[in-house]
Amino acid sequence: MKHRILLWLALPAVVLVAALFWTGRNNEDPEPVEAPELVPEQMSLRTNMSALAATPDWSKLQDYQYTMPRDIFMTQLNAVYSQDRAWHSVINVHEDFADVRGSGNERIRVYFAGRDRQKPPPRYWRSARELPSAPDLFGKPLSGLRIAVDPGHIGGEWSRMEERWYRGTGGHEVKEGELTLATAILLKKQLESLGAKVWLLRNKTQPVTKLRPPDFEPLARQVLKSRGKDPVGNDLHRASQSLFYRAHEIRRRAQVINTRIKPDITLCLHLNAESWGNPEKPTMVSRNHFHLLINGTYSARELRLEDNRFHLLKRLFQRTHDEELALNRSIAKAMAEETGLPPYIYTTNNAKLVDTENPYIYARNLLANRVYHCPVVFLEPYVMNNPEVYKRISMGDYAGKSKIAGAMRKSLIREYADGVTEGLRNYYQQARGNNG
Ligand SMILES: [Zn+2]
């Protein structure tokens, strides 16, 4: 009798396991991994780690032994990843290996690839040349490509908190998180029609994380105390909000990208703005521009934090930059043609041009282009508080063209989506055309 009960108890479990195994084998999608969003140590202030960062697993660097030639390691460190000589404080380069600073003062030795010893670096994403050949290169140049689209910010009721909201003359409310979402939805459709598999990080104006600002209050208190401030009132309120939407929301998106979607590329959609002051009475500016941000230009101060060093090395060893730059070049060209916008010019030392031929692409160390472990295209077109951009935003989406400041123009979000689509189409058509 007892055995029979056990059998009945065990049977559903067996069926469930079999079903998981079966669907796991037949479904192209990875099984959803419901990892917890945070472990307790991430909710405490650590001097050697960015707020809320997951503790790096330094043993992962062993995967990159003998994968990287010394000259590429040196060139990319200097030209892309490091602000001036910042890397010298955490990496010692020798003839055959590099000693990198891991946790605390621990040094980890990674050997360079030699002529006779070279293997490809492990990574979840595939470069254009690693994709299977596209049977219909003209109709479906993106076939088999996995794309994550990250509509920047949250929008809706959250946009005031995010400081990505203003009300223009005539009363139209501009919310970056809604413009990026509208663009993402159009873009998804267009990229799918070219054969890609596309995931939106969000499809509504709600956060990806299940946590909310009050969940971050204990950590916010520690942060404020460490800065010599009283952890009360509005300071506490703002610090908790900031940990929620500026830090954890992006880390949560990274977790979904890196463990669940595992895309070949991620597109981070944003719109730029110049300081508008009071959102109820915004300052409007005549400037309008566009730029793209690839990962790089880590400062010595940033490299002192363990998680930053880890992400830099993971991107460097995975050869992420080569694919990221090529992809960004193609999108810069198509977006410049589509929008007619001039490049934004940085005057601060936290960003540098990586390509003398291309005035649109800057290397800058952002959370989103650092913790997403695949090639990222981070777009910053349009100045939202430029009067013409405001007019176009307030006109909403429409088919065809409409007269704006004497010229026939597409709706702003269609122009944006078309520019990105063209850039991807050109890039993959060309790269995969050479694959055979
Ligand atoms: Zn933005």
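If we scan the range 180-194, do we find a residue that is in a strand (DSSP E or B) and more than 12 Å from the ligand (Cβ to nearest atom)? So far as the range 180-194 goes, no, none of its residues is in a strand (DSSP E or B) and more than 12 Å from the ligand (Cβ to nearest atom).
Annotation: of all residues in the range 73-128 being in a helix (DSSP H, G or I) and of a type outside the set (A, V, I, L, M), the one that is nearest to GLN255 (Cα to Cα) is TYR81. Once the range 164-179 is narrowed to residues that are more than 13 Å from VAL383 (Cα to Cα) and among the charged types (D, E, K, R), the residue that is farthest from the ligand (Cβ to nearest atom) is ARG167.
Among the residues making up the range 109-155, those that are touching a Gly at 6+ places or on another chain (Cβ under 8 Å) and within 15 Å of the ligand (Cβ to nearest atom) are PRO151, GLY152, HIS153, ILE154, GLY155.
When LYS175, LYS204, LYS210 are checked against the criterion of being within 28 Å of ALA239 (Cα to Cα) and either touching a strand residue (DSSP E or B) at 6+ places or on another chain (Cβ under 8 Å) or buried (at least 16 other Cβ atoms within 10 Å of the Cβ) (or both), a single residue qualifies: LYS175.
Note on the range 110-132: residues that are more than 17 Å from ASP322 (Cα to Cα), surrounded by 11 or more Cβ atoms within 10 Å (Cβ to Cβ) and free of Cβ contacts under 8 Å to residues at least 24 places away in the same chain amount to 0. Among the residues of the range 142-158, those identified as farther than 18 Å from ARG252 by Cβ and not in a helix (DSSP H, G or I) are LEU142, SER143, GLY144, LEU145, ARG146, ILE147.
For beta carbons closer than 7 Å, sequence separation of 6+ or different chains, a first residue in the range 254-277 that is over 22 Å from MET335 (Cβ atoms) and a second that is within 14 Å of the ligand (Cβ to nearest atom), the qualifying pairs are VAL256/LEU201; TRP276/TYR166; TRP276/ASN385.
Of the residues making up the range 128-157, those that are under 20 Å from the mean Cα position of the chain (by Cα) and under 19 Å from THR205 (Cβ atoms) are ALA148, VAL149, ASP150, PRO151, GLY152, HIS153, ILE154, GLY155.
None of the figures in this text is laboratory data; all of them are computed from the coordinates on show. Treat the numbers as computed from the prediction; the structure is a model and nothing was measured. Positions of Cβ are generated from backbone atoms using ideal geometry, with glycine treated the same way; all protein chains shown enter the neighbour counts.
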